[in-house]
Amino acid sequence: MINNKLILLFIMMLLGLVQASPQGVNDVTLLKDPITGKWGYASNDQNRKSPFRGMRKLGRRLLGKSLGSSLIGKSDADEIDWVVPPQYDAASREFSEQLAAVEINGKVGYIDIHNRFIIEPAFAPRDHMQGFSYGLSAVRVGDRYGFIDKSGTLCIDTLFDYAENFKDNMLASVKQDGKYGAIDITGTLLVPCKFPLEVAMTSTPILNKDYRKAAKDVKARREALEFHSVTERLDALTIEVGRRINDTTWVEPLSVHSEGTGRYPGLSDQHGRCIVPAGFQSIEPDEHHHLYVVRDTLGLYGVYTYNGSRLFRPLFDSMTPFDDGYSVITVDTLAGWIDSQGGLDPVFLDEICNAGLAYDQAGDTHKASMLYHRILRIDPNHVMALNNLAIIDLNNKDYNQGMRKLKLAHKLAPDNELIDQNLHQAKKNRNERRWNRITSALEIAAVVVGVAATTYATVSGAQGMTAGTASSFSSPSYGGGSGGIGSTSGGKGEKITCVSCKGTTQCRFCNGTGYDRHTKSGKCHICHGRGICKSCHGRGYI
């Protein structure tokens with residue numbers, strides 16, 4: 001049965017009711033968290049794990065925030081790549097002039113793309129949230145509307161029943177005594193408030209004569225620099241705020257307190273924003289780096305920033321305290337590092353992939369699968385993890401999942417010969433299965449018994465196209481290293497060059513010296529002073 005949400009999407013597209021959403025700062029989209037019901041801003045370049053990713057992305061862009069968000073199910077909530085976490089009761093559709101209006105606990109303020117309040121929440125909520133235009137933003141104070149500048153100062157008094165932001169023609173629609181008019185950026189009423197509808201004033205032929213004349217007058221006065229004193233002050237504020245926004249070291253002063261009555265409460269700030277959700281066994285603040293290190297009920301570690309953004313999901317078996325911006329992490333005894341800005345050791349995931357490959361070769365596909373899934377939780381676009389999981393799925397007769405992962409891996413790395421061969425062979429086997437189901441029920445029984453083995457041998461064996469693998473479809477093998485592009489790999493019994501030390505056998509953190517990389521004295525955190533690669537134990541291969 002076709003999903004009703006998809007039917008709604010197609011009907012609205014056919015009826016021409018869909019309009020494209022404007023792009024905001026850093027290419028983000030306003031999105032509603034399907035679990036908490038709060039609003040935040042998600043990256044438009046979402047991860048590609050979901051088979052319906054394209055449809056949801058299309059829905060967000062075409063249908064806007066409400067209907068677009070309805071295409072995001074609760075099962076997908078944890079996979080959303082939030083740029084600004086969902087902490088707000090309402091928010092403007094986009095960032096304009098680097099700021100977005102947000103509502104929290106009945107007050108409206110303005111945040112930057114780093115989720116810092118540039119203007120504290122102090123204004124009354126309104127139905128249509130707006131950012132800034134020409135350095136001004138319409139705000140509601142009590143039951144009246146006026147305009148603030150980027151310092152939060154009310155520079156056009158609250159004289160109106162309603163007000164919209166300034167349009168490109170430097171006119172703003174305002175309402176007095178139930179009728180619409182228009183003002184310029186000085187607050188001067190250029191179009192008398194005599195129109196029952198805004199559209200009658202701005203767009204209706206003949207009726208919009210006054211509005212069109214006002215727009216021409218404003219353009220002429222602007223060219224004559226009559227607004228220079230006003231625009232100069234607003235531009236100076238814009239530059240000042242821009243410097244503040246671009247200063248990523250600036251930390252908004254927050255007072256954080258415990259919230260929740262359960263066994264594992266979370267943390268909130270003075271604005272009521274959730275900083276760390278409830279449910280973690282432990283939350284350790286790192287005040288120097290403005291971070292919170294969390295440990296979940298499975299004993300895995302992750303990191304949240306001071307304003308509620310999740311820097312790393314809880315996926316690491318252990319973490320050391322951050323030292324000079326770096327923390328040593330482990331996954332399945334493999335060591336790597338993360339930094340306080342969200343950076344990850346560039347070869348760490350390849351090491352985990354090679355460890356999974358070693359488990360595959362030993363016949364422990366369950367352990368291998370767990371590691372591959374761990375990789376994809378950190379980087380959903382790691383093509384070799386996708387490729388290797390696809391082989392496991394096909395071997396377990398989960399053909400739909402296997403094909404989906406192979407198609408995604410091929411989309412991410414279309415020039416990778418290994419993945420291309422694997423996908424080609426998997427499609428061939430799929431077509432054979434379909435034909436056999438058509439021919440007879442007896443052949444279906446035979447295919448159920450025989451296809452999995454054929455898929456495993458041919459699809460996995462196609463990996464011989466990469467360096468270090470025998471070019472044969474008969475020996476099953478997987479891909480390892482470097483996300484699979486130009487990577488080393490091997491069949492059963494083959495030695496695989498260690499990605500961490502690239503065969504040198506030396507610890508890459510201290511270059512074999514055994515000393516701490518920062519202080520140049522004391523033992524290296526990774527090799528514990530031995531100077532040899534911890535991933536391969538000094539062998540140079542796995």
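Each value in this text was obtained by applying a stated rule to the coordinates, not by laboratory testing. Here the structure is a predicted model, which is why all the values come from computation and not from measurement. Neighbour counts are summed over all protein chains in view; Cβ atoms, including those assigned to glycine, are modelled from backbone coordinates with ideal geometry.
For region 110-201, just say rounded, prolate or oblate: build the C-alpha gyration tensor, square-root its eigenvalues into a ≥ b ≥ c, call rounded for a/c under 1.5, and beyond that prolate if a/b exceeds b/c, oblate if not. The shape class here is prolate. Shown here: region 207-336, whose C-alpha atoms stretch 71, 35, 26 Å along the first, second and third principal axes, sorted largest to smallest. Counting pairs of alpha carbon atoms under 8 Å apart in space and at least six apart in sequence, what relative contact order in percent does region 198-335 give? With pairs under 8 Å counted, the relative contact order is 9 percent. By the scheme Lys and Arg +1, Asp and Glu -1, what is the net charge of all other residues having a beta-carbon under 15 Å from that of Ala200? Here the count lands on +2. Can you bin region 272-375 into rounded, prolate or oblate? Criterion: square roots of the alpha carbon gyration tensor eigenvalues sorted a ≥ b ≥ c, rounded for a/c under 1.5, prolate for a/b above b/c, oblate for the rest. Because a/c hits 1.5 or more and a/b exceeds b/c, region 272-375 counts as prolate. Here the spin labels are modelled as points 7 Å beyond Cα on the Cα-Cβ line, and at His528 and Ile438 they lie 6.2 nm apart.
Ranked by the mean number of other Cβ atoms within 10 Å of their residues, highest first, the peptides 349-360, 244-255 come out as 349-360, 244-255. One chain, two ends: Lys428 and Asn381. Fully extended at 0.36 nm per residue, the span grows by 14.4 nm beyond their Cα-Cα distance. Can you give the local net charge around Arg310? Use residues other than it whose beta-carbon is closer than 13 angstrom to its beta-carbon, Lys and Arg +1, Asp and Glu -1. Residues close to Arg310 contribute a combined charge of -3. Amide H contacts under 5 Å for Tyr541: Cys498, restricted to partners 5 or more places along the chain or on a different chain, H placed in the peptide plane at 1.01 Å from N. Near Pro285, once Lys and Arg are set to +1 and Asp and Glu to -1 for all other residues with Cβ below 14 Å from its Cβ, the sum equals -3. Amide H contacts of Leu311 (H built 1.01 Å from N, in plane; Pro and chain starts excluded): Val303, Tyr304, Thr305 sit under 5 Å, all sequence-distant by 5 or more or on other chains. Rounded, prolate or oblate for region 188-284? Axes are the square roots of the Cα gyration tensor eigenvalues, ordered a ≥ b ≥ c, and the cut-off for rounded is a/c under 1.5. Judged from the Cα gyration tensor, region 188-284 comes out oblate (a/c at least 1.5, b/c at or above a/b). Residues in region 134-142 carry Karplus couplings, in order, of 6, x, 10, 9, 6, 10, 10, 10, x Hz; the curve used is 6.51 cos²θ - 1.76 cosθ + 1.60 with θ = phi - 60°, and Gly or Pro positions show x. Amide H to amide H distances under 5 Å link Gln176 with Asp161, Gly181, where only residues 5 or more positions off or on other chains count and H is placed in the peptide plane.
Derived scalar couplings between HN and Hα for region 215-228 equal 5, 5, 5, 5, 4, 5, 5, 5, 5, 7, 6, 5, 9, 4 Hz in order, rounded to whole Hz, by the Karplus curve 6.51 cos²θ - 1.76 cosθ + 1.60 (θ = phi - 60°), x for Gly and Pro.
Pairs spanning more than 24 Å between alpha-carbon atoms, out of Lys32/Lys179; Lys367/Lys427; Lys194/Lys216; Lys179/Lys209; Lys407/Lys534; Lys427/Lys502: Lys32/Lys179; Lys367/Lys427; Lys407/Lys534; Lys427/Lys502. Working from label points 7 Å from Cα in the Cα-to-Cβ sense, the Ala77 to Asp323 distance is 3.9 nm.
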